[in-house]
1. For the residues Arg11, Arg28, what sequence is obtained by ranking on other C-beta atoms within 10 Å, fewest first?
2. If you restrict to DSSP beta bridges whose two residues both lie in the chain, what percentage is antiparallel, to the nearest 5?
3. How large is the direction-averaged shadow of the alpha-carbon convex hull of the chain, in nm²?
4. Among Thr83, Thr156, Thr117, determine the one that fluctuates most according to a GNM of the chain built with springs between C-alpha atoms less than 10 Å apart.
5. Please give me the summed charge of the neighbours of Glu80: other residues whose Cβ is under 11 Å from its Cβ, Lys and Arg +1, Asp and Glu -1.
6. Springs between alpha-carbon atoms under 10 Å, Gaussian network over the chain: tell me which of Val203, Val13, Val42 tops the mean-square fluctuations.
7. Would you mind ranking Ser165, Ser49, Ser2 so that the residue whose beta carbon has the fewest other beta carbons within 10 Å leads the list?
8. Compute the signed sum of charges (Lys and Arg +1, Asp and Glu -1) over the other residues within less than 13 Å, Cβ to Cβ, of Glu113.
Amino acid sequence: MSTYTLDGLARLVDHTNLHPDATEDDMRKLCDEAKRYHFKMVAVNQVQSKFCSEQLAGTDIDTGAAIAFPLGQTSIAAKEFETKDALANGANEIDYVVNITQVKVGNWPYLEEEMRTIVDVCNKAGVPSKVIFECCLLTGEEKIRLCEIARKIEPTFVKTSTGFSKWGAKIEDVRLMKEHVGPNVQVKAAGGIRDADTFLDMVRAGATRIGCSAGIPIIEELKRRFAEQGIDSIDL
């Protein structure tokens, strides 16, 4: 259990706009909101890395680039290049989607090589890495096998979902991932987290980062609850 202030809760949020039609004005708004609420990161498509990193220069808010998003169906070499390009253009967190086809055929050596390649690039750059499983497409056994690889490779986070498939984060997936990745890998819940109660439930289940586009209404609701209860922190 950890104690969170309102700012501490805001610092769990990856403020997200991954829409393919997002404009520079949308990205500027996203970054301004992240600064206003002191979110941890903006989560954007890789091509937005340079613009957002410039908007966030001089702050402690990261620019998170989504790699091979949302399908994960590119080669290891393509993912490696895309990661390096994002970092060269100012991204300082990386979220990549695993090759789900290789999960489905049980090609675990391939998936280990893929994870090691991207995590090594991130480690050399000194930036966090997040591995997106897309849990809604996986069996329980497949999720556990990916967790076992992550336990060995040690990315910074494993992540439940892109938010662009059948459904997003589920409490049971956060718990399963937390149970199987070991003490050195964190869990990010993402997709479909739209209200304060779901947000808090994900944290209670073990998530230490929350990817969502509803961070503002969530934090505003928590701010109201803190004020009503006369508290300045919460134990989760």
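1. On the way: Arg11 17, Arg28 13.
Starting with the residue having the fewest Cβ neighbours, the order is Arg28, Arg11.
2. Working: 2 of 32 bridges.
Close to 5 percent.
3. Answer in nm², one decimal: 11.8.
4. Highest fluctuation among the options: Thr117.
5. Details: positive: Lys79, Lys84, Arg116; negative: Glu82, Asp85, Glu113, Glu114, Asp120.
It works out to a net charge of -2.
6. For the chain, modelled as a Gaussian network with Cα springs under 10 Å, the answer is Val203.
7. Details: Ser165 16, Ser49 23, Ser2 10.
Lowest to highest Cβ neighbour count: Ser2, Ser165, Ser49.
8. Values: positive: Lys79, Arg116, Lys152; negative: Glu80, Glu112, Glu114, Asp120.
Summing Lys and Arg as +1 and Asp and Glu as -1 gives -1.
Rule-based calculations on the coordinates, nothing more; no lab input. Treat the numbers as computed from the prediction; the structure is a model and nothing was measured. Positions of Cβ are backbone-derived with ideal geometry, glycine not excepted, and every protein chain shown enters the neighbour counts.
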